[in-house]
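The values are calculated or read from the model by the stated rules, or taken from the named source; none is laboratory data. None of the values given here were measured: they were computed from a predicted structure. A quick note on method: Cβ atoms are made from the backbone with ideal geometry, for glycine too, and the neighbour counts reach across all protein chains shown.
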Amino acid sequence: MSGLLRIVEGARAGREQVLRRDPARVFDPALPEAVRVSIRETFGADLTASQVVARIVADVRREGDAAVTRYSQRFDRSAYRAIEVTREEIDAAFEQVPGELLEALEVAANRVHDHHERQAAHGPRDFTYGGTGMIVRPLQRVGIYMTGSDTVLPSTVIHTAVPARVAEVEQILGVTAARADGSVHPLKLVAAEIAGVHRIFRASGAQAIAALAFGTETIPRVDKVCGPGNVFVTLAKQQLYGVVGIDGLYGPTETLVIADDSADPRLCAADLLAQAEHDALATPVLITLSRAHAEAVAAEVELQLAGLERAEIARAAVARGGAIVAASLDEAMELANEFAPEHLCLLTERPEELVELVRNAGGVFVGKHSPEVLGDYVAGPSHVMPTGGSARFASPLTVFDFLKVISTIELPRERLFEIGPAAAALARTEGLTAHARSIELRLEAR
């Protein structure tokens, strides 16, 4: 018996039973009854998550601060007068955070900063060649969603804001849920200060994203919104894309572990559970080469679950995932690339040999000394990574998310006469006479 971690044998069975995704989990999820009750009480109707977001977005666009405050206080069960967090509140937060935690946050921020500085050195650069080129500029103002209400996640603040700081974004704004008394958790404030966030506002959920997209009396409009959040945040980003830039649409976290018989079942189980405890909708998947190894990992999962504070959440997530017994590591990698996981962990005898086979993943964690959890905190690359299979076309959050490229054209006179006739001919073929005349007038002046 495989216990909680279901085990399937064969690539086809794995695809059908373990690797199949349901996009509705992100974009049309079944909401818990408590959330549905809150929706009915707030809107007087049994709305879907997408409909709720559309209502909130419309209200924020029309009412500004009033709608942001009303919805944030309603859903966060908080009370406050000022939307913006003051300098005094931020300074006071440093007095409330233990010294060892301050040091840990600084270690994380420094590591993330160093990685993204090196990343920037390999990024796009200004150039000109033959009269054309490009210039690279940072975004002027970005919004960082400081996720976490029940669970405070200061690490995500760092992993989202620091790349923006490295890119030299002029103004980084943070939005966050407030606690019942209207205060913001000191760990969030400290992390934001260390990461380089310039201003922080009490605003959460879809209303915060709408405020950043449109601007309100208090919250300035931004060029791009970045960072993960709950389903309402994700749907707001989806609905507002085009009004404002977004980094990506993030669903529940997922980890895929590829292991051979050399891998310690305890480490395999620990890596699966590390992500499972995030969210009951998380997807932990193991691909291994023997049923005996899969059974050993499944047994370890049961043992380790018993000692977790968030055991109920992790148990629900493990039940969603599973273990696949593949015929070979090549087949395992084929399945992994098809699944395109957020996190791909390689726990094999020679994991470095598998890296060249990776085509689709948010992040690759190579060998037992590089657990995904280090990536969550202090490894260096941003832990904001594509989910839901979007690693097929998307990348983790990088310094490049906060840069834009502008094309430049500065042609010498002789080049105009060299290529202008072709442009005029194409314009007339398309019926765009004014286009053609713009060129021909210049050619006639020769």
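Structure summary
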item	result
From the options Glu342, Glu331, residue that is surrounded by 18 or more Cβ atoms within 10 Å (Cβ to Cβ), assigned by TED's automatic domain parsing to the domain that holds Leu286 and either touching a residue at least 24 places away in the same chain (Cβ under 8 Å) or closer than 20 Å to Pro23 by Cβ (or both)	Glu342
Qualifying residue in the range 184-194 (condition: out of contact with any helix residue (DSSP H, G or I) (no Cβ under 9 Å at 6 or more places or on another chain) and either surrounded by fewer than 24 Cβ atoms within 10 Å (Cβ to Cβ) or not assigned by TED's automatic domain parsing to the domain that holds Glu84 (or both))	no
Single residue of the range 390-446 satisfying the filter (small (Gly, Ala, Ser) and in contact with a Ser or Thr (Cβ under 8 Å, 6 or more places away or on another chain)) that is farthest from Ala164 (Cα to Cα)	Ala427
Filter result for Arg62 (under 20 Å from Leu212 (Cα atoms) and either in contact with a helix residue (DSSP H, G or I) (Cβ under 8 Å, 6 or more places away or on another chain) or modelled with pLDDT under 95 (or both))	no
Residue in the range 129-141 that is farther than 30 Å from Thr398 by Cβ, modelled with pLDDT of 95 or more, among the charged types (D, E, K, R) and in the same structural domain as Ala210 (by TED's automatic domain parsing) present	no
Out of Gly375, Gly431, sole residue that is on the phi > 0 side of the Ramachandran plot and either out of contact with any helix residue (DSSP H, G or I) (no Cβ under 8 Å at 6 or more places or on another chain) or not assigned by TED's automatic domain parsing to the domain that holds Val244 (or both)	Gly431
Arg12 being at pLDDT 85 or above and in the same structural domain as Leu286 (by TED's automatic domain parsing)	yes
Qualifying residue in the range 380-394 (condition: surrounded by fewer than 16 Cβ atoms within 10 Å (Cβ to Cβ) and out of contact with any strand residue (DSSP E or B) (no Cβ under 9 Å at 6 or more places or on another chain))	yes
Selection within the range 140-151 - surrounded by fewer than 24 Cβ atoms within 10 Å (Cβ to Cβ) and either farther than 22 Å from Asp91 by Cβ or touching a Lys or Arg at 6+ places or on another chain (Cβ under 6 Å) (or both)	Gln140, Arg141, Thr147, Ser149, Asp150, Thr151
The range 206-236, residues that are over 16 Å from Asp59 (Cα atoms) and crowded, with 23+ Cβ neighbours inside 10 Å	Val222, Val225, Cys226, Gly227, Pro228, Gly229, Val231, Thr234
Helices (runs of 4 or more DSSP H) enclosed by the range 15-91 - at least 2 residues per element that are acidic (Asp, Glu) and surrounded by fewer than 14 Cβ atoms within 10 Å (Cβ to Cβ)	33-43
The listed residue being closer than 19 Å to Val184 by Cα and not aliphatic (A, V, I, L, M), out of Glu9, Glu89, Glu100, Glu16	Glu89
Any hit, the range 386-394, residues being of a type in the set (A, V, I, L, M), under 26 Å from the mean Cα position of the chain (by Cα) and part of a helix (DSSP H, G or I)	yes
Where Gly14 falls short, out of the listed (1) farther than 26 Å from Gly388 by Cα; (2) touching a Leu at 6+ places or on another chain (Cβ under 7 Å)	(1)
Candidate set from the range 105-128 (those that are over 21 Å from the mean Cα position of the chain (by Cα) and either without any contact (Cβ under 8 Å) to a residue 60 or more places away in the chain or not assigned by TED's automatic domain parsing to the domain that holds Phe400 (or both)); member that is farthest from Ala379 (Cα to Cα)	Phe127
